[in-house]
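Computed from the coordinates by the stated procedures, all read-outs in this text should not be read as laboratory data. Worth saying up front: this structure is predicted, and the values here are computed from it rather than measured. Virtual Cβ from ideal backbone geometry, glycine too; neighbours counted across all protein chains shown.
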Amino acid sequence: MVGRRYCAEPSWEQSAAQLLQKLPRPLLEQWDEATQSVCDAADAADQDGTIDPQWVVGCDDRLKRALLKEFRRMDEP
């Protein structure tokens, strides 16, 4: 499964590191639990597909990046 996540994982690692700078770890863990549930639910119809691991990591990354975008908006004057 790790091999199938290879393409999406570097971007996910980057967004996770950026969020860790913005949120305390306990709050980030809550975010991760919620986004994992959302991505799992969105992918429920195709959970056994070969692209599934990459899709779930990509889904989580897109949600992390959406939150980072909101932080940037809050930082704007």
Lys and Arg at +1, Asp and Glu at -1: neighbours of R72 with Cβ under 14 Å from its Cβ sum to +2
Residue by residue through segment 14-21, the couplings from Karplus 6.51 cos²θ - 1.76 cosθ + 1.60 with θ = phi - 60°, in Hz, x for Gly and Pro, are 5, 5, 5, 5, 5, 5, 5, 6
